[in-house]
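What follows is one structure encoded as C-alpha cells, with my remarks underneath.
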Amino acid sequence: MHEFAYRGGALCAEAAPLEELARKFGTPLYVYSHATLTGHFERLDRAFAPVPHLICYSVKSCSNLAVLKTLANAGAGFDIVSGGELHRALASGADPGKIVFAGVGKTGEEISAALRAGILFLTVESLAELDAIERVAARLRATARIAFRITPDVDPRTHRYVTTGKAENKFGLDPSRVRDAYRRAMRCRHVRPTAVQMHIGSQIIDTGPYVEALRKVLPLVRELLRAGVPLEHLDIGGGLGIIYRDENPATADRFASAVLPELQGLGLKLVLEPGRFIAGNSGVLLTRVLYLKKSGAKNFVITDAAMNDLIRPSLYGAYHEILPVRKGRGRSIVADVVGPVCEAGDFLAKDRKMREPRPGEYLAVMGAGAYGFTMSSNYNSRRRPAEVLVRGARAWLVRERETYEDLVRGERIPAFLWKR
C-alpha cells in the first residue's frame, strides 16, 4: 500500500501533484509520503499488539530527519549502525532508550557516544568487540547493556549482497559460540547482557526463513534464561520485503501470524528492525527527460537522474517501476532509461516497455524510499538531490539540493601547489 496514485491523469503524492513538485523544487528530487510512512509503521505495530514489542526503524534505509521525526512521533525506536546515525536519531528527538546499535566495526568513539546517550543496547558481533565495550564502559564508569548477534545460518532467499544470516557472512556469532560469549559477558564488570539478536537479510518475501531462524535461535535463548542470563529483549531483526514488480511479500499480519506462535511462553519483549517495509514504497525519485537517443536497434531515454542518485538498479540489478507523472498518449517503445554518469552501468531501467516520453517530461521512479538517497553519492561531482515530505496537499522541503560549494566544502589546496 502507498499513497502515490493518478488523479485526473496526474500522478500525485497523497494530494500533491508530482509534476508541480518537480517544477517547484527541481529534479532529481526525492518525494516522501507522510501517510505511507505512518501507515506502514502502524500496520506492523498493530500486527504485533498481542505481545510487548518495540519497532526500531532501520535508519540506514532512509535517514532524513523529517522521516525519522515522523516515525518517532508514531512511537518508533531506531536501529542504527554508526555514530552518524546515532546523531541523526537524537537530532530527530528520538528516545535514547528506544535505540539499538548494530554493526561489526563500532569504534571506541561510537561506543562511548552510545553509552553516554543511554541507548537500549549495543549489538555485539565478536568477542573482540565485547572486550572493547567493556574497556569503554569501565572508563566511563557505566554499564553497557548488550545483545549478542546470533548467526543462524539460514538462507533468506534474497540477493546475496543483502544476505546477513548465513555462516559465511561477516555478521554475528555462530550458535556454537553463543553460550561461551554470554558466560564471558556475565563475568564482565561493566557489561550486562540483556538481549539476544538475529538478522537474516533484506528484501525477504517469505516468512519461512524467519521461522526457520527462530527455531534455531529460541532453544539457545531458553537455555540462556535457565542459566540465569538477565535477558529482557529478543531482537529478530528486520528485512521484510516489499513489492517492486510482481513480488508477493508477507503482509504485517502474515508475518506476525508466522512469528508469534514461535514466541509463546518466552516472556521477553520483542524488538523488530524494519526499514524497507516502512520506507520503500513511501518514496519516489522524480527525474526529467533530457534526450531521446536511438543507437542501432536500441532506444535510450536519457534523464537527469543517474546511478549516483539511485544505485540499486546498477548495484543489485534491482527493478523499479517507472511511471510518467502525467498520463498521455503516444507510441510504445522498449528503451533503457539511463543517466548522465560516465559509466556503462549507469541505468535506472533496462529494456523497459514504456510510452515514449518527450524531452522535458517528468518520470517517477517508484519504490525509491529505501536505500535511495542514503546510498546516493557525489560521483562525477554531481550534487545530491533535494528531498521533500508531503502530507495531504502540502509539501515541505526537508533537504536542500546540494550546491557546487557543498561539493568542495572541507577541501584545501596546499599553498605550495599555487607556486610556480
From the phi angles alone, apply the Karplus equation (6.51, -1.76, 1.60; θ = phi - 60°) to segment 387-401 and give each ³J(HN,Hα) in whole Hz, x where the residue is Gly or Pro. 10, 10, 10, 10, 9, x, 9, 9, 9, 10, 6, 10, 8, 6, 5
Candidate cut points under GluC sites (Glu not before Pro) in segment 333-420, DSSP loop plus at most 13 other Cβ atoms within 10 Å of their own Cβ, are Glu400, Glu411
Residue-averaged [θ]222 nm for the chain, counting only DSSP H segments that reach four residues, each worth -39500 (n - 2.57): -8000 deg cm²/dmol
Rank these for me by crowding, Asp153, Asp346, Asp235, going from fewest to most other beta carbons within 10 Å. Asp153, Asp346, Asp235
Along the dipole axis of segment 1-127 (charges at Cβ: +1 for Lys and Arg, -1 for Asp and Glu; origin at the Cα centre), the most positive-end residue among Ala102, Ala10, Gly118 is Ala10
Rounded to whole Hz, the Karplus (6.51, -1.76, 1.60) HN-Hα couplings of segment 300-309, x for glycine and proline: 10, 9, 9, 10, 8, 9, 9, 4, 6, 7
Check every DSSP H run in the chain and write down those whose alpha carbon atoms cover 24 angstrom or more along the long axis and whose mean Kyte-Doolittle hydropathy is -1.0 or greater. 208-226
Place a +1 charge on the Cβ of each Lys and Arg in the chain and a -1 charge on the Cβ of each Asp and Glu, then give the dipole magnitude about the Cα centre in debye, rounded to the nearest 20. 600 debye
Given H placed on each backbone N at 1.01 Å, which residues far from Asn299 in sequence or on other chains put an amide H within less than 5 Å of it? Asp336
Please list, ordered by chain and number, the residues whose modelled amide H lies under 5 Å from the amide H of Lys106; skip anything fewer than 5 residues away on the same chain. none
For segment 340-355, in residue order, the Karplus 3J(HN,Hα) values (coefficients 6.51, -1.76, 1.60; θ = phi - 60°; whole Hz; Gly and Pro = x) are x, 5, 7, 8, 5, x, 8, 8, 9, 7, 10, 6, 8, 7, 7, 5
Under 25 Å, Cα to Cα: Lys pairs in segment 286-419, sequence gap 8 or more or different chains: 11
Cα Rg over Rh - the chain, Kirkwood: 1.01
For a quick check: with amide H placed at 1.01 Å from N, whose amide H comes under 5 Å from Asp235's, ignoring anything fewer than 5 positions away on the same chain? Val196, Gln197, Met198, Val271
Springs between alpha-carbon atoms under 10 Å, Gaussian network over the chain: tell me which of Arg394, Arg187, Arg329 tops the mean-square fluctuations. Arg329
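Read-outs throughout are calculated quantities, based only on the coordinates presented, and are distinct from any laboratory measurement. Small disclaimer: the values here were computed from a predicted structure and weren't measured. All Cβ positions, even for glycine, are placed from backbone atoms using ideal geometry, and neighbour counts span all protein chains on display.
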